[in-house]
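Below you'll find the structure, written out as structure tokens, and then a few comments.
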Amino acid sequence: MTMRFGLMVIKLLSKYRTELMGISMLMIMLFHTVGGLSVLGIPSFKPFLSFDFGVEFFLILSALGCTYSLDKNNVAIDFYKRRLKRIIPTFMIIVTLKFIIFDVLIYKTINWQGYLLDLSLLSFFDGNITYWFILHILTCYLLTPYVYKKADSMALWMFIVIITCTIFIYGFNNLHVQNVSLYRYPIYFVSLIYILTAKKSVDGNGNINRVHLFLLTVFVMFVYVSVTLYIHNSYKYLVYLSVAIPCLVFVAVLVDKTKNYFFHMIFKYIGVISLELYLLHGSCLLLADIIAPDNVIFRLVFSFILAITLATLLHKGIVCLKL
């Protein structure tokens, strides 16, 4: 029964994977834009503070996509080529454009060393976490073909449990900015193994009834309030790890029950250009702060419109050039 339910969950996430990636990306963009903003005059009430949870959603969906990719062709070198082709050209173009626009044209302080460190992702180890997710996901992809073949191994499960405990024990005892990446490794591999295990089970169909949806809603709201109001720093990521999959299922159920074509189209479109948006949005925020400092509304509207426009152009350009 558990595996039948797991398979039903995977089918639901697969059906709306692109839309869910779009929602995850919008959450991350809101976190970066207004995550620290208090509302209603309550200093501790920052409703977007937990929207970095979108990263966990994104990692689960990435793990799901990788299982289907490897189902079609499980040759490791072919898998690496597909992943690198999607990420590296976009990453290199955006890092180069950022260097030209900000270092060369705006600040006129050309820092070739900084540019090369960003381009090689080595700046992460110096504490610059601007592109931490790219290094993170590439590392995950590096290990994915091995985990795909060994998903049934109890030793692999035990290894992940030990590594997870080690990561959080280490993280609780320091404030390194690089921990933002470290905390996120377990959820990707836990999701990957869970998905692979469920997909190998017998087929089954099922629907989440109203009672289950109500309980899931209460659970998600409890998690949201807890993380937003009470849980900060390292403990937040431990909660994220524990509840990411059921929370994503809740969002998928809401998407499934939303029949409005416009919303599905918007979320799906954002999902398609999510990589470009992630890489561009930070620079758009920086530009907004240069143009109109301390203007939250302008920061929000300008950065979203500019990032989506540039992401669209870049995505279409890369597709046309077949990079």
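The values are calculated or read from the model by the stated rules, or taken from the named source; none is laboratory data. Predicted, not measured: the structure shown is a model, and the values here were computed from it. Here Cβ is always computed from backbone atoms with ideal geometry, including for glycine, and neighbour counts include all displayed protein chains. Heavy atoms of the whole protein, side chains included, go into the accessibility calculation; ligands, DNA and RNA do not. Shrake-Rupley method; radii C 1.70, N 1.55, O 1.52, S 1.80 Å.
Which of the following residues is part of a loop (DSSP other than H, G, I, E, B) and aliphatic (A, V, I, L, M): LEU37, LEU105, LEU97, LEU70?
LEU37
Can you find a residue in region 120-133 that is in a helix (DSSP H, G or I) and under 20 Å from THR197 (Cα atoms)?
Within region 120-133, none of the residues are in a helix (DSSP H, G or I) and under 20 Å from THR197 (Cα atoms).
Being of a type in the set (A, V, I, L, M, F, W, C), more than 14 Å from LEU135 (Cβ to Cβ) and touching a helix residue (DSSP H, G or I) at 6+ places or on another chain (Cβ under 6 Å) is the filter here, so list the residues in region 169-183 that pass it.
Within region 169-183, PHE172 is the sole residue that qualifies.
May I ask you to say which residue of LYS85, LYS81, LYS15, LYS11 is modelled with pLDDT under 90 and not aliphatic (A, V, I, L, M)?
Step by step, each of LYS85, LYS81, LYS15, LYS11 is checked, and only LYS11 is modelled with pLDDT under 90 and not aliphatic (A, V, I, L, M).
Check TYR68 against each of (1) open to solvent by less than 50 Å² (accessible area, probe 1.4 Å); (2) within 22 Å of THR18 (Cα to Cα); (3) modelled with pLDDT under 95; (4) aromatic (Phe, Trp, Tyr) and name the one condition it does not meet.
TYR68 satisfies every listed condition except (1).
What number of residues within region 88-145 satisfy the criterion of being surrounded by fewer than 14 Cβ atoms within 10 Å (Cβ to Cβ), at pLDDT 95 or above and in contact with an Asp or Glu (Cβ under 9 Å, 6 or more places away or on another chain)?
0
Give all pairs with beta carbons closer than 8 Å in which a residue from region 171-188 that is in a loop (DSSP other than H, G, I, E, B) meets a residue that is crowded, with 16+ Cβ neighbours inside 10 Å and of a type in the set (Ser, Thr, Tyr); count only pairs at least 6 apart in sequence or on separate chains.
Matching pairs, first to second residue: TYR183/SER234; TYR183/TYR237; TYR183/TYR240; ARG184/TYR237.
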